[in-house]
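Worksheet: one structure, shown below.
The values are calculated or read from the model by the stated rules, or taken from the named source; none is laboratory data. Remember, it's a predicted structure, so these values are computed and weren't measured experimentally. Cβ placement follows ideal geometry from the backbone for every residue including glycine, while neighbour counts extend to all protein chains displayed.
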Amino acid sequence: MPILLITGGSRGIGAATARLAAKRGYDIAVNYLRDERAAHAVVRDIETHGRRAVAIQGDMAKEEDVERVFATVDSSLGRLTHLVYNSGIVGKMSRIDKVETQTLREVLDLNVLGALMSLRAAIPRISTAHGGKGGAIVLISSAVATLGSAGEYVWYAASKGAVDSMTIGAAKEVAREGIRVNAVAPGPIDTEIHEPGRLDRILPNVPLGRIGTPHDVAEAVMFLLSDAAINITATIVRTAGGR
């Protein structure tokens, strides 16, 4: 039975992915940082589909929390087969010459270091070279990795560029160990991550003329996790409406 950990799984893209994964037969660990009520609501929705689920609090920017989250998956659900690293923050929008060092550290610690530490923890559990069953990993990147996000949050764009790089590198390392590693790079998606008015401002620049939904991204994630993507690895799938 596939066992999936979704970090940042209580809201937005993470929650949409959890609910879709439940419909498709996954047992799911829902990691969250602060919103315990939302995480447990997602767990209840998963359980209505007859799947096992657990909510696990943890700050994925902290090594001790990452280790505890993965250990809790082991003890609660069993040996991990799939991971979605969805944790991420942007920080307050500004030019690069106005950003505070604390913002830089917080964004890079969670978006980059957290993803790397989660890869480090997940691979020995999933890898057939370590007794695992094989599986798949999807990291959540962003279209801004190639757009740069000038005047808004260059540091966030840089963090997602790092996610793209680690996706490609990790995928090649573990390709013969039963693990596929890919990323999904959303464009503007209707979630709480955006400051008020930002989506309305961006919309004219989206060729498809629509703001994406968390479900749109979840569908791409689930495709990459599934055996339908058996020949796809080291790939960044852009779900950005043409942006």
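The set of residues from the stretch 166-221 being modelled with pLDDT under 90, within 16 Å of residue 14 (Cα to Cα) and either among the acidic types (Asp, Glu) or exposed (fewer than 15 other Cβ atoms within 10 Å of the Cβ) (or both) comprises 190, 192.
Of the residues making up the stretch 17-35, those that are surrounded by fewer than 24 Cβ atoms within 10 Å (Cβ to Cβ) and over 15 Å from residue 51 (Cβ atoms) are 33, 34, 35. The set of residues in the stretch 1-16 that are hydroxyl-bearing (Ser, Thr, Tyr) and either surrounded by fewer than 24 Cβ atoms within 10 Å (Cβ to Cβ) or part of a loop (DSSP other than H, G, I, E, B) (or both) contains only 10. Taken together, the residues in the stretch 19-48 that are over 17 Å from residue 76 (Cα atoms), among the hydrophobic types (A, V, I, L, M, F, W, C) and in a helix (DSSP H, G or I) amount to 4. Do we find that residue 104 is surrounded by fewer than 19 Cβ atoms within 10 Å (Cβ to Cβ) and in contact (Cβ under 8 Å) with a residue 24 or more places away in the chain in this structure? Taking the combined requirement at face value, the residue satisfies it. One residue stands out among those in the stretch 189-232 that are more than 16 Å from the chain's Cα centre (by Cα) and polar (S, T, N, Q): the one that is farthest from residue 84 (Cα to Cα), which is 205. Taking into account only those residues within the stretch 45-87 that are surrounded by 22 or more Cβ atoms within 10 Å (Cβ to Cβ) and hydroxyl-bearing (Ser, Thr, Tyr), which is farthest from the chain's Cα centre (by Cα)? Filtering first and then ranking leaves 81. So which residues in the stretch 101-147 are basic (Lys, Arg), over 16 Å from the mean Cα position of the chain (by Cα), over 11 Å from residue 159 (Cα atoms) and in a helix (DSSP H, G or I), if there are any at all? Residue satisfying the conditions is 125 alone. For the stretch 172-210, which residues satisfy the criterion of being part of a loop (DSSP other than H, G, I, E, B), of a type in the set (Val, Ile, Thr) and closer than 19 Å to residue 147 by Cα? Matches in the stretch 172-210: 193, 206.
You will find that of 24, 11, the residue that is more than 17 Å from the chain's Cα centre (by Cα) and among the charged types (D, E, K, R) is 24 and no other.
Quick check on residue 129: is it buried (at least 17 other Cβ atoms within 10 Å of the Cβ) and over 30 Å from residue 198 (Cα atoms)? Criteria not met by residue 129. Scanning the stretch 122-132 turns up no residue that is in contact with a Pro (Cβ under 8 Å, 6 or more places away or on another chain) and under 21 Å from residue 17 (Cα atoms).
In the set (1) of a type in the set (D, E, K, R); (2) in a helix (DSSP H, G or I); (3) closer than 22 Å to residue 221 by Cα, residue 79 fails one condition alone, (2).
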